[in-house]
């Protein structure tokens, strides 16, 4: 059965960090899959998920059956995806933007998250 996708954007909120390797993949697999289907995707990392974009951390996260996490993150960004890091979560963990693996990753606050949740066609939580 063929279906038509009328939705053109998806907002992904992720909370899991390196302690839950398999769950770390969900936002990036979903984001890159959406991009492959020509759906705009943005990922908002909060809580322990903020660690995933610190230089050197994604390289330590592995799960059988998944491609390397750094490759997924890089592909997502290269395909035009946006990654934002929760300002409070980053501050709580002493994480600053100069520690991020890529300068396209930005810090955003709760107001941005709320606005994006309201403005994107669909929101997913991981």
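Values quoted throughout were computed directly from the atomic coordinates according to the rules given, and no laboratory measurement underlies them. Computed from a predicted model, the values in this text were never measured in an experiment. All Cβ positions, even for glycine, are placed from backbone atoms using ideal geometry, and neighbour counts span all protein chains on display.
Can you pull out the residues in region 84-96 that are more than 13 Å from the chain's Cα centre (by Cα) and touching a residue at least 12 places away in the same chain (Cβ under 8 Å)?
Residues satisfying the conditions are 87, 88, 89, 90, 93, 95.
Hey, can you tell me all the residues within region 86-102 that are closer than 18 Å to residue 41 by Cα and assigned to a loop (DSSP other than H, G, I, E, B)? Write out each step before concluding.
Pass one, region 86-102, residues closer than 18 Å to residue 41 by Cα: 86, 102.
Within region 86-102, just 102 meets the criteria.
Would you please name the residue that is farthest from residue 31 (Cα to Cα), looking only at residues in region 105-126 that are in a loop (DSSP other than H, G, I, E, B) and over 12 Å from the mean Cα position of the chain (by Cα)?
As a first pass, look at region 105-126 and keep what is in a loop (DSSP other than H, G, I, E, B): 105, 109, 120-121, 126.
Narrowing the set further to residues that are over 12 Å from the mean Cα position of the chain (by Cα) leaves 109, 120-121.
Working: 109: 21, 120: 13, 121: 14 Å.
Here the answer is 109.
Among the residues of region 70-83, is any surrounded by 12 or more Cβ atoms within 10 Å (Cβ to Cβ), under 16 Å from residue 24 (Cβ atoms) and free of Cβ contacts under 8 Å to residues at least 12 places away in the same chain?
Within region 70-83 (the criterion being surrounded by 12 or more Cβ atoms within 10 Å (Cβ to Cβ), under 16 Å from residue 24 (Cβ atoms) and free of Cβ contacts under 8 Å to residues at least 12 places away in the same chain), the answer is yes, since at least one residue qualifies.
For region 17-54, name all the residues that are touching a helix residue (DSSP H, G or I) at 6+ places or on another chain (Cβ under 6 Å) and in a loop (DSSP other than H, G, I, E, B).
17, 18, 46, listed by residue number.
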